[in-house]
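Visitor: After the structure tokens below, expect a handful of questions from me.
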Amino acid sequence: MIRYLTLHEVADRIGVTYNTAKGYLRKGLLPEADAAIGGKLGWLAETLDEWMEARPGRGRWRHNDDVLPH
């Protein structure tokens, strides 16, 4: 069975508060959800782990010539 994380679980996994995660979602800063079920969004743990590795900040700075997808 595939297990999708809720926004509360996303916040825990990426180390921010729920309200911060909600703000990220509203601003389009989180990766695209892997599923939408009954109006609820869900993310795979792998999606978030890959996003965390690729995102700038928290010691993961990229060179200016590296382009990040939006």
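Derivation of every value follows stated rules applied to the coordinates shown; laboratory data play no part. Keep in mind that this is a model prediction, so the values were computed, not measured. Backbone-built Cβ (ideal geometry, glycine too); neighbour counts: all protein chains shown.
Visitor: Relative contact order for region 7-54 using alpha-carbon pairs under 8 Å, separation at least 6, rounded to a whole percent?
Guide: Numbers: 36 pairs, mean separation 15.0, N = 48.
31 percent.
Visitor: What are the equivalent ellipsoid semi-axes of region 7-54, built from the alpha-carbon gyration tensor (square roots of five times its eigenvalues), in whole angstrom, biggest first?
Guide: Values for region 7-54, descending: 15, 13, 10 Å.
Visitor: Additional query: Could you compute the net charge surrounding ASP34? Neighbours are other residues with a C-beta less than 14 Å from the C-beta of ASP34; K and R count +1, D and E count -1.
Guide: Once positives and negatives cancel, what remains is -2.
Visitor: Report the net charge of residues surrounding ASP49, where surrounding means a beta-carbon distance below 12 angstrom and charges are Lys +1, Arg +1, Asp -1, Glu -1.
Guide: Local charge sum for ASP49: -1.
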